[in-house]
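Undergrad: I have a structure here, written as structure tokens, and I will follow up with some questions on it.
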There are 2 protein chains.
Amino acid sequence: MTVQEALKTYRENIAAMHALGHAMGVLHYDGATVAPVESAEGRGKTLAYLSGRMYEIETGKELAEAAQFLKEHRDELSAQDAREIEVFLRQSEFTASIPQAEYVAYVELLNKADAVWHKAKAESDFPAFAPIVKEIFATNVRFAKYYKPDQNPYDTQLSLYERGLTMEKTDAFFNALKEHIVPLLKKVMAKPQVDDSFIWGKTYPIEAQRKFSDYLMDVITIDRNRCSIGETEHPFTTNFNKKDVRITTHYHEETPIYSMYSVIHEGGHALYELHSGDELEGTVLSGGVSMSIHESQSRFMENLIGRSRPFIELVFPKMQEFFPEQLAGVTAEQMYLAVNKAEPSLIRTEADELTYALHVLVRYEIEKGLFDGSIAAEDLPAVWNAKYKEYLGIDVPDDKHGVLQDSHWSGGNVGYFPSYALGSAYGAQMLAKMRETVDVEGAIRSGDLRPITAWLEAHIWKFGALYDPMDLLERAVGEPFDPKYFTDYLEEKFSAIYGL
Amino acid sequence: MTVQEALKTYRENIAAMHALGHAMGVLHYDGATVAPVESAEGRGKTLAYLSGRMYEIETGKELAEAAQFLKEHRDELSAQDAREIEVFLRQSEFTASIPQAEYVAYVELLNKADAVWHKAKAESDFPAFAPIVKEIFATNVRFAKYYKPDQNPYDTQLSLYERGLTMEKTDAFFNALKEHIVPLLKKVMAKPQVDDSFIWGKTYPIEAQRKFSDYLMDVITIDRNRCSIGETEHPFTTNFNKKDVRITTHYHEETPIYSMYSVIHEGGHALYELHSGDELEGTVLSGGVSMSIHESQSRFMENLIGRSRPFIELVFPKMQEFFPEQLAGVTAEQMYLAVNKAEPSLIRTEADELTYALHVLVRYEIEKGLFDGSIAAEDLPAVWNAKYKEYLGIDVPDDKHGVLQDSHWSGGNVGYFPSYALGSAYGAQMLAKMRETVDVEGAIRSGDLRPITAWLEAHIWKFGALYDPMDLLERAVGEPFDPKYFTDYLEEKFSAIYGL
């Protein structure tokens, strides 16, 4: 075997995996957006076949030998090829540690779980979901042990999302946040509350909200020829290649705010995928490097940009055009305050920036407990509700507004949640660095966000998975990760809003 | 190898083919409905991989040996299994006659063709489409010759859609239609024309039309848990299994009539797929047996039911609820006449029942000419326009309203068009037979169409591909196919409407 032959074999196999991944991705997207409800069973069978093929290729002798050969001849490879082989071997080592039958069974379980979760959430029926969530966690614990038998399985799980992340680091991170957020929130709650009553009690037609979404996508510079908007129970982003990215949102007739921030959030994910370097396309290095970096981009757009005063001043006149009667007499400043109202609430995706990390903390602690066995799946509602009382001081009225609210666990995204809080903190550090060379507020005020997106593209997006997440962040900001940028940002912003 | 072993091998391979077909079908559907415009290239690569796998399985040694063994031991099989092997071997013989590289290249060509056709149609730019349509026909001629080297390739092509169909039979069929339709149309045109002006010049919001579609689907008894409605340039139906069928429509703000009949037409296709026998599910016998039988069901619903007086009397009050201002002062009888207005027109899918077959005839003659070389792809607009002048007496203003109107050729559906006219005629013969035991008008008037759908399920739908199309028709109606039922129906209906 020559290096050229090995590269050819490697690339052909990666192309086949990419095709299978694309097909599975479209099946999932279709299932979540437009497929008829009884389609789940047939989709499950097809996903089982495709994932079985995927497993066979990823762990097959042909690809393994080619990749191993290339690893041994890494000096003869370009830097990008050498990095790709390294990243591929990490992935395939994980996959190969799982027996094929279990791998396929898990894909089928998740397909079934999606339908069960939708129904359970609609009916606020946790017992219907309990056996599924139990099996999903048990499977993840088992897989983590297959992969790293000598390591704590939740450390393994965290590291699958963010290479190098451990419980120790995550605990320290959340402690740093708690130290600032809990007293800050206490001070905020002692002040007169922001009035956001004007956005409630009216109907915002979905047709107008759809047009508003199109407008927002334009503002944040998304190329719609390469990115569409679907409608789902829980908003998400998926991508098949850099010319085919999909975001979804959920329209609520009672307010345009929820969908507005879903679109901007998912739009941030989409921008990252849409602007991966052309030279990475079709390799395992294309697209976002980790979910924390991904969330840093989505929450950057949603909060650091989308909940800033100049952004609201920019989009509010247009908002009034879409909803003239509903927003008659409202000012941009009122809207700015309303979208930044900080108060403990039930739903993570609708939470303000200040309390958001506390929602994530609840989920992180629960995942830890499910992994180490100190929490049983059956007890999830009780544990959930107790933690919401403890951290947010509120009572959860039912499981629909509690433990059943998120799609992550039914989707197998176990270990994902810390990414949201980490991403929020990464983003604040990026913003501080960006300000050194970019007039961020000026760009927003002008309506042309390209100076902002150009910085993100040059420092984050274009690199795909060329660097590990922590390396990428350090290269972008010129220093190690430090959560103080985030806590400083929160202190400053909410002190101003609440006159602390 | 035992029969049991051979059956197991056969079934595993068919399941794999089914999974690949499902994935490719969803990719196509997604591409036509919601995918961003630049997604075509990536989808093409994925379809090429999946179709290559499909080819390898369908023509592979393992499946071929199992099927051949089962054919030789057909006496030991159930009647259904024996039939399935026969049908599978017919299909695989055709596929195996095509070299794999050409098979995959054709899938890629069609994926590209779809995007080219959409753009060419939007811009009425035939020259942009000419090289593609030329290559598609050349490929079909080549494939037909690979399959049956000693047979006229267009006869081969027709027979791929409707087993046993030849040009001789199709010519005779169209001659029989022309003999009745041309003089009947002349008499109609000499009479005062029906007034349908009241349906034009207004705006019918798409949101209301969507709700009207949902209502129509209910009326024709479609189980929406197993069938969704998408929106595409050209309406179509696709199905992945009997719990997952999709129809599409195209809403025009200027009238609800086009989408109304698209929904009922595609709904007819969907009903056929949704009611294939449970015992056939997952086999190659599940679903419609041929496109002519399929069109007999879609055009049955669209015309024999949907354009009948009792149907309009049933749905018109509801239509007025959806469009109260637009249809104020209109009566059901006026609407009945309007949807049956017979006059030569440009667009096949919008044509009345009387002139419809002439639209199909134009396409049939052009396909014959493209196959035998007497028509060159470059000359298509001129030939098309001349035939519309000859058969329908009208001038085609541009290619968008002429040769570019249909999606069939860009979709590779070459040889399909005669199915529409044959299906219309089959349907009329089925209706005559149905009337012997079912009070068709009474059922429609009552709003409960189940006596009608039950007859179709019992005589057509449930059989899937258990019988060849002509056998199925004969079993259903108790005599050989005879187009006179269709021409009698047209004479009677249009004589009454136009007072001939």
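Undergrad: Tell me which lysines have Cα within less than 20 Å of A:K71's Cα, excluding those fewer than 8 residues away on the same chain?
TA: Candidates past the 8-residue exclusion: A:K8, A:K61.
Undergrad: Can I ask one more? Note down the net charge around B:S51, summing +1 for each Lys or Arg and -1 for each Asp or Glu among other residues with Cβ under 15 Å from its Cβ.
TA: Residues close to B:S51 contribute a combined charge of 0.
Undergrad: So which aspartates and glutamates pass the test for A:K202, namely a Cα distance under 17 Å, with those fewer than 8 places away in the same chain ruled out?
TA: List returned: A:E253, A:E254, A:E321, A:E325.
Undergrad: Then there is this: Could you work out, residue by residue across B:31-38, how many beta carbons of other chains sit within 10 Å of that residue's beta carbon, and then give the average as an integer?
TA: Shielding by partners across B:31-38 averages 6.
Undergrad: Looking at chain B, send over the antiparallel percent of its DSSP beta bridges, to the nearest 5.
TA: 50 percent
Undergrad: What is the list of residues in segment B:325-358 whose amide nitrogen lies under 12 Å from a point 7 angstrom out from the Cα of B:M189, following Cα to Cβ?
TA: B:343-345, B:355
Undergrad: Out of A:M470, A:F311, A:H118, whose Cα points farthest toward the positive end of the dipole of the protein assembly as shown (charges: +1 Lys, Arg; -1 Asp, Glu; placed on Cβ)?
TA: Positive-end residue among those listed: A:F311.
Undergrad: Size of the dipole of segment A:3-147 about the Cα centre, Lys and Arg at +1 and Asp and Glu at -1 on the beta carbon, nothing else charged, in debye to 20?
TA: Dipole size: approximately 360 debye.
Undergrad: How much length is gained if the chain between B:R11 and B:I394 is pulled fully straight, taking 0.36 nm per residue apart and subtracting their Cα-Cα distance, in nm to one decimal?
TA: So the chain would gain 132.6 nm between B:R11 and B:I394.
Undergrad: With +1 on each Lys and Arg Cβ and -1 on each Asp and Glu Cβ, how big is the dipole of segment A:99-257 about its Cα centre, in debye rounded to the nearest 20?
TA: Dipole about the Cα centre, nearest 20: 320 debye.
Undergrad: Taking the dipole about the Cα centre of segment A:76-225, with the C-beta of Lys and Arg at +1 and of Asp and Glu at -1, give me whichever of A:I181, A:T170, A:L216 is farthest to the positive side.
TA: A:I181
Undergrad: If you count, for every residue in B:18-25, the Cβ atoms of partner chains within 10 Å of its Cβ, what is the mean?
TA: Taking the mean over all residues of the peptide, I get 6.
Undergrad: Give me the one-decimal nm value for the distance between modelled label points at B:T331 and A:K119, 7 Å along each residue's Cα-to-Cβ direction.
TA: Roughly 5.0 nm, to one decimal.
Undergrad: So what's the net charge close to A:K462: Lys and Arg +1, Asp and Glu -1, counting the other residues with Cβ under 10 Å from its Cβ?
TA: Net of charged neighbours comes to -3.
Undergrad: In peptide A:235-244, how many Cβ atoms from other protein chains are near each Cβ within 10 Å, on average?
TA: Across A:235-244, the average partner-chain Cβ count within 10 Å equals 4.
Undergrad: Work out the charge dipole of chain A with +1 on the Cβ of Lys and Arg and -1 on the Cβ of Asp and Glu about the Cα centre, then indicate which of A:I57, A:Q151, A:M260 is farthest towards its positive end.
TA: After comparing all options, I get A:M260.
Undergrad: Can you tell me the 0 to 90 degree angle between the C-alpha axis of helix A:61-72 and the longest principal axis of chain A, rounded to 10?
TA: 80 degrees
Undergrad: Shifting gears a bit: In debye to the nearest 20, how big a dipole does the protein assembly as shown give about its Cα centre with +1 on each Lys and Arg Cβ and -1 on each Asp and Glu Cβ?
TA: 480 debye
Quick note: the coordinates plus some simple rules give every number you see, no bench work behind them. Because the structure is predicted, anything quoted here is derived from the model rather than measured. Every residue, glycine as well, gets a Cβ built from its backbone with ideal geometry; the counts of neighbours run over all protein chains shown.
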